[in-house]
Amino acid sequence: MATTLEIIKGISQVISNSYDGALDDKGEPIKIGLKREEGNPLIDSRVMDGFGVKFMGNKLCITYQAEIQLKDIHGNGANAFETEIDQMITDIASFIKKEYKKVTGTALTLTPEKEVNILAQSTSRIRHFITANKMFSIGGVDSEEILQPSTERLDANFKKFLEMGGTGRAPNDKRKD
């Protein structure tokens, strides 16, 4: 059983190995399932999309960002667009689990918590920038371990500084009251 820190380090290593243009051990491009991986980068227009993760206690928040055209949002209906973005985040989660297994040798469990949240912002009449996130519960991470209060104490010099307070004026302050 891996500790919380080992799980977080393993996920962080997976994310650091998944930048745009990353190669695997055989020299092949890493396929995550993003739209930027489709087509020929020399001929086709460049698709801007990517992802990131945030740790929130025993939860993992996967964030997906993309620049898309307005017709992609309204083309097949709102539900089709939401389903497509949800599937993209699910593909990213499965990539993280697969790569985590390669990096650490143990399996990672990511359980979806809520539905996907999508924010679409207009950058022009044609293009929109979307940000979508979805929360996953990380298996093997104990929330009680993370939520324990800190037992660290203040440094003596910092305590002395706080005790001095700001009740008086500085000796070089010549202002009239």
How do 12, 18 line up, fewest other C-beta atoms within 10 Å first?
12, 18
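Arrange the following residues from fewest to most other Cβ atoms within 10 Å of their Cβ: 51, 158, 95.
Numbers: 51 23, 158 10, 95 18.
So the ranking, lowest neighbour count to highest, is 158, 95, 51.
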Apply the Karplus curve 6.51 cos²θ - 1.76 cosθ + 1.60, θ = phi - 60°, to the phi angles in region 9-18 and return the couplings in whole Hz, x for Gly and Pro.
5, x, 5, 4, 5, 4, 5, 5, 8, 10
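By count of other Cβ within 10 Å, fewest leading, how are 141, 103 ordered? Provide the component values of the computation, followed by the final result.
Working: 141 20, 103 16.
In order of increasing Cβ crowding within 10 Å: 103, 141.
Read-outs throughout are calculated quantities, based only on the coordinates presented, and are distinct from any laboratory measurement. Not measured: the values here are computed from a predicted model. Every residue, glycine as well, gets a Cβ built from its backbone with ideal geometry; the counts of neighbours run over all protein chains shown.
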